[in-house]
Amino acid sequence: MHQKIFTAKLNKIGINPFVFIPDEILARIFSEAACEKSPIPVSGMINGTPFLQTLIKYKGEWRLYINTKMLKDSPKRVEEQITVSVGFDPRDRTIPTNAFLTKSLHNNPEAERIFYRMNPSARKEISGYIDRLKTEESREKNIIRVLDFLQGKGPFLGKVISDYKLKR
């Protein structure tokens, strides 16, 4: 994991701050990742603050999106020159499904089938929500809501199951 340093002007598309990655650094990241397909996991530093992020190709351009954890007040700092070091990050970023949720899904094959047809980021969002609950009572109540949601019986986190494209 070789990180290269560069300076870049902070840009914005919509509400999202980002920087373009210089071509020679992109080429090295592609080589180390053995891939030129979005998203590509990277890590580095912005003005001395470490980050984990993914490179995304959007509208034909590779962009490193800069969130407020990476750079404080980043949406307000557009046009500012920032110092970035970035490199391919091969570490596994898989977040395991919450154990209580896994057990409940196993006991409900229909909900389990739908859950694993969802994209990884949707599964991560649901499992992360369950992980962050502080009491057993909240966890149990919300797992029931997740199971109902997966079976099309109501919303969860402001969404209904038909909002998602499910893998076949």
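Per residue, the average separation of C-alpha pairs within less than 8 Å and at least 6 apart gives the chain a relative contact order of 22 percent. For the residue pairs 4/37; 9/59; 37/159; 12/159, the C-alpha atoms sit more than 22 angstrom apart in 37/159; 12/159.
Shape class for the stretch 1-72: oblate, because the ratio a/c of the largest to smallest gyration tensor axis (alpha-carbon atoms, square roots of eigenvalues) is 1.5 or more and b/c is at least a/b.
Probing with 1.4 Å while keeping every protein chain in the model, the per residue accessible area of the chain equals 62 Å². Angle of helix 120-132 to the longest C-alpha principal axis of the chain, folded into 0 to 90 degrees and rounded to 10: 70°.
For residue 134, the aspartates and glutamates whose Cα comes closer than 17 Å to its Cα, not counting residues fewer than 8 places off in the same chain, are 125.
When a 1.4 Å probe is rolled over the protein heavy atoms, the share of accessible surface on the stretch 41-168 that falls to carbon and sulfur comes to 53 percent.
Among the trypsin sites (Lys or Arg not before Pro) within the stretch 12-46, those in coil by DSSP and having at most 10 neighbouring Cβ atoms inside 10 Å are 37.
Close amide H partners of residue 80, meaning residues 5 or more places away or on another chain with modelled amide H under 5 Å apart, are 10.
Each listed q (0.10, 0.18, 0.26 Å⁻¹) maps to a log10 I(q)/I(0) for the stretch 27-112 from the Debye sum over equal C-alpha point scatterers, namely -0.40, -0.85, -1.29.
The values are calculated or read from the model by the stated rules, or taken from the named source; none is laboratory data. None of these values were measured; they are calculated from a predicted model. In this analysis, Cβ positions are derived from the backbone assuming ideal geometry, glycine residues included, and neighbour counts consider all displayed protein chains. For the accessible areas, the whole protein counts, side chains as well, though only heavy atoms, and no ligand, DNA or RNA atoms are used. Shrake-Rupley method; radii C 1.70, N 1.55, O 1.52, S 1.80 Å.
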